[in-house]
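The structure's right below; bear with me while I get my questions together.
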DNA sequence: AGCACGCCGACT
DNA sequence: GTCGGCGTGCTC
């Protein structure tokens with residue numbers, strides 16, 4: 001794998017002046033690469049994987065990635081020159097380029113789109129047109145006849161030296177500012193230039209140390225003390241510095257100095273005396289580039305020895321890796337998969353490769369990070385969407401430089417510049433959130449992670465308590481190895497699951513709003529015992545819709561075909577698809593009645609009502625609305641962990657990666673909305689969700705219980721959840737998938753046709769379906785059909801589903817047929833403004 | 001994706 | 001009559 005690090009163009013000692021060309025990936029959705037000429041002086045600097053600056057089109061200056069270097073001069077056009085090289089070493093590795101190519105091909109998008117998604121924007125360059133005064137123009141002397149707006153611009157430029165176009169717009173308070181710029185250019189008062197700026201800035205701290213002088217010569221320090229005795233404040237500063245940096249013990253310590261803030265933050269020291277000492281030349285100030293991540297040295301020890309089951313699982317995995325590249329670890333919730341991962345990561349590091357540990361967004365919590373930090377210390381990099389851009393760029397660079405050998409990260413970490421991977425771990429592999437839906441690339445991090453491992457000769461370990469049917473099928477057919485952990489760690493028991501028939505309870509008047517009497521008593525019971533409760537409701541907001549009692553009016557989104565959800569905390573009606581929101585009306589806009597009623601319920605209502613019914617309980621809600629701020633998520637978790645809150649109400653977020661020892665009850669308020677989902681994966685999903693939520697209950701000796709409220713307790717799925725019977729579920733599901741030709745027996749591609757006009761969308765979809773049927777065969781193409789939500793953001797939707805056979809040669813051909821069909825459709829005059837999106841392996 | 005060139009309505 | 005709308009088409 002290490003050949004991959006050596007990107008240098010073959011070092012031919014030839015004296016011939018070779019003319020080289022570079023094919024570059026522009027960060028734009030363009031179907032092909034563009035060829036630029038490498039200026040001779042840059043021949044040695046332009047390498048595959050570095051960023052270069054080029055001019056694209058009339059004036060746009062962009063940074064892009066070099067994908068290939070060759071000597072083939074383009075025949076039919078004059079290649080422009082590369083303007084500049086930004087990196088002295090590649091920031092994209094060769095295996096990465098191969099992977100990006102695969103992503104673009106497989107998920108039917110452009111390389112530019114992949115690059116765009118992959119690079120932290122701190123590594124992308126922004127080019128913005130700017131204006132400045134014409135070098136020969138002197139506003140004081142040269143008399144030009146200027147419009148008042150033009151005067152204004154010149155005045156601003158005199159003070160600012162440069163303005164961006166948007167700044168000019170703001171300055172003039174005008175949308176149509178262009179003509180003034182044009183006119184000023186004509187009058188030769190200003191010029192336009194393009195500026196490319198590298199946005200990545202390393203973090204710098206101000207530090208302070210003694211000047212060389214005092215350290216080098218013996219005795220000078222003592223002399224200094226005597227000198228400073230009349231200025232006690234300055235002496236204080238010096239003494240404090242020596243306390244922090246005992247230079248008298250080891251003069252070498254002075255070189256690193258101490259952070260200036262360590263002195264300035266000390267209330268006993270005066271800032272002015274610090275500054276005086278700097279002025280006197282006693283102390284000096286310097287900048288040091290530091291990491292945005294705290295350095296922590298892991299003790300390289302497992303925090304706890306593996307249990308017998310864990311050891312056995314680990315050995316089985318390692319054994320299987322000898323013959324197979326991929327292994328699925330099927331371990332019940334609470335079986336301690338994480339410890340097994342940690343052990344395997346250590347194992348992989350010992351043999352000298354890199355490791356990627358993928359987790360779904362909601363499972364990448366401080367809990368897991370702390371655990372990993374303890375073991376891997378500063379070898380561990382974290383890649384999370386909540387990170388700032390500079391932090392992400394630092395992780396990126398850290399992998400390239402070898403500083404990070406293990407990355408724990410979310411979906412997008414598959415884009416990171418690994419070049420020597422030896423192990424990829426994909427935890428919670430069944431998670432649908434590994435799939436990105438919008439925008440392109442519509443990739444699945446599970447499949448992509450597998451491909452990445454394959455390209456770099458690494459092993460892949462997938463883990464789940466509830467594997468996806470596709471993955472389990474791969475084990476059954478022998479392609480992957482399978483390892484099972486059936487026991488919970490520390491002999492903890494799997495939770496007892498109890499069903500409550502809400503329909504029957506309603507008849508018996510046992511329902512208090514959305515809570516059954518049973519659930520309420522059980523919650524009260526836990527509160528009494530100082531234990532904790534998690535309540536799951538798969539819907540945020542207060543109510544999914546409201547309705548007028550008099551006239552049945554229901555508020556709908558202006559842009560989407562959905563009803564607006566009611567959010568009580570800010571008294572708003574909100575669309576969960578486009579974000580449109582309005583104030584909750586006081587009375588019905590249709591009939592004027594004051595009888596607006598909320599229908600159904602979300603997490604907010606659960607929280608609200610529980611607080612009313614059990615006033616002694618400390619209830620906290622965790623969903624998208626309460627975790628928007630950067631630290632709010634962590635706050636909620638730590639409040640629950642410390643016991644400040646007793647009941648946690650939440651959406652999907654509460655189902656993953658959270659281990660709270662004191663949780664003895666989990667309630668699922670409305671199981672029916674989860675089961676009755678019109679999708680071939682609905683059963684699988686429901687099973688996974690129920691098992692995952694249930695898994696939050698009872699760890700370490702305390703048996704937990706789960707209460708599931710449903711109107712239909714006879715659903716067979718409940719028995720499978722109750723008895724933890726994955727294999728029955730699998731057998732049932734795989735049989736259905738075979739019968740109806742769903743994955744894993746086929747590959748699906750979903751084509752969505754969008755248009756502002758519903759008739760145009762429909763007609764275009766019909767035309768496209770016809771064309772696709774002709775190309776691929778009638779039985780492969782289903783639809784078009786109008787999706788359940790038929791309009792989003794003012795675009796009407798039509799869907800076509802394509803089912804393709806599994807083998808990959810046909811797959812490639814089929815995809816190019818599909819791309820052709822879409823291309824042709826867009827050429828048709830009747831459908832201008834049409835948007836077509838292909839989603840490969842939709843989830 | 002931008003951004004330029006190019007053909008039709010309301011204004012100095 | 002022009003300014004300016006945004007509709008197609010190209011960018012190495």
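Where does each of A:703-709, A:45-51 land if you order them by average Cβ count within 10 Å, highest first?
Per-residue mean Cβ counts within 10 Å order the peptides as A:703-709, A:45-51.
Another question, if that's okay. Compute the Rg to Rh ratio over the stretch A:443-579 from the alpha carbon atoms, using the Kirkwood formula for Rh, and round to two decimal places.
Answer for the stretch A:443-579: 1.11.
Output the relative contact order of the stretch A:308-485, whole-number percent, from Cα pairs under 8 angstrom with separation of 6+ residues.
36 percent
Another question, then. Under a plain spin-label model, where a point goes 7 Å from the Cα along Cα-to-Cβ, how far apart in nm are residue A:55 and residue A:40?
Using points 7 Å along Cα→Cβ, the separation is 2.1 nm.
Which three extents, in angstrom, do the Cα atoms of the stretch A:234-279 have along their principal axes, listed largest first?
Principal extents (Cα only, largest first): 27, 19, 16 Å.
A further question on this structure: Could you tell me the extents of the stretch A:648-716's C-alpha atoms along the three principal axes, largest first, rounded to whole Å?
Principal-axis extents of the stretch A:648-716 (Cα, largest first): 37, 23, 19 Å.
Starting from the 7 Å offset along Cα-to-Cβ, what nm value, one decimal, do you get for the label separation of residue A:819 and residue A:807?
Simple spin-label model gives 2.2 nm for this pair.
Between the stretch A:713-769 and the stretch A:598-658, how far is it from one alpha carbon centroid to the other, in angstrom?
32 Å
How do the peptides A:456-464, A:493-501, A:579-587, A:105-113 rank, highest first, by the average count of neighbouring beta carbon atoms within 10 Å per residue?
Output ranking for A:456-464, A:493-501, A:579-587, A:105-113: A:456-464, A:105-113, A:493-501, A:579-587.
Rg (Å, one decimal) plus Dmax (Å, integer) for the alpha carbons of the stretch A:355-462?
For the stretch A:355-462, the Cα radius of gyration and maximum Cα-Cα distance read 12.9, 36 Å.
If you split all Cα-Cα distances of the stretch A:609-735 into 10 Å bins from zero, what percentages do you get per bin, shortest first?
11, 39, 33, 15, 2
Still on this structure, I have one more. What does the extension gain come out to for residue A:239 and residue A:530, with contour length at 0.36 nm per residue minus their alpha carbon separation?
99.6 nm
Restricting to bridges with both residues inside chain A, how much of the DSSP beta-bridge set is antiparallel, in percent to the nearest 5?
Within chain A, antiparallel bridges account for around 60 percent of the total.
Can you give the convex hull volume per residue for the Cα atoms of the stretch A:204-289, as a whole number of Å³?
It comes to 83 Å³ per residue, whole-number rounded.
With the Cα gyration tensor of the stretch A:543-599 in hand, convert its eigenvalues to equivalent ellipsoid semi-axes via √(5λ) and list them largest first in whole Å.
In descending order the semi-axes read 18, 12, 9 Å.
Here's another thing I want to ask about it. Taking the beta-carbon count within 10 Å as an exposure proxy, list A:554, A:717 from fewest neighbours to most.
So the residues, fewest neighbours to most, are A:554, A:717.
Using only the alpha carbons, work out the radius of gyration and Dmax of the stretch A:75-136 in angstrom.
For the stretch A:75-136, the Cα-based Rg and Dmax read 16.7, 55 Å.
Over the Cα atoms, compute the radius of gyration (one decimal) and Dmax (the largest Cα-Cα distance, rounded to a whole number) for the stretch A:8-165, in Å.
20.3, 63
Can you pull the Rg over Rh of the stretch A:746-840, Cα-only, Kirkwood?
Here Rg/Rh amounts to 0.96.
Separation of the stretch A:72-128 and the stretch A:449-513 by C-alpha centroid, Å?
Using only Cα atoms, the two centres lie 39 Å from each other.
Rounded, prolate or oblate: which fits the stretch A:589-635, taking a ≥ b ≥ c as square roots of the Cα gyration tensor eigenvalues, rounded meaning a/c under 1.5, else prolate when a/b beats b/c?
It is oblate, given that a/c is not under 1.5 and a/b is not larger than b/c.
In Å and whole numbers, how far do the C-alpha atoms of the stretch A:35-113 stretch along each principal axis, longest first?
Largest to smallest, the principal-axis extents are 35, 29, 25 Å.
Report the FRET efficiency, 1/(1 + (r/R0)^6), for residue A:159 and residue A:266, where r is their Cβ-Cβ distance and R0 is 60 Å, rounded to 0.05.
For R0 = 60 Å, the calculated efficiency reads 0.90.
Which percent of the Cα-Cα distances in chain A go past 48 Å?
Percentage above 48 Å: 35.
The numbers here are math on the coordinates, done by the rules we state, and not lab data. Just so it is clear, the structure is predicted and the values come from calculations on it, not from any experiment. Every residue, glycine among them, receives a Cβ derived from its backbone with ideal geometry; neighbour counts consider all protein chains shown.
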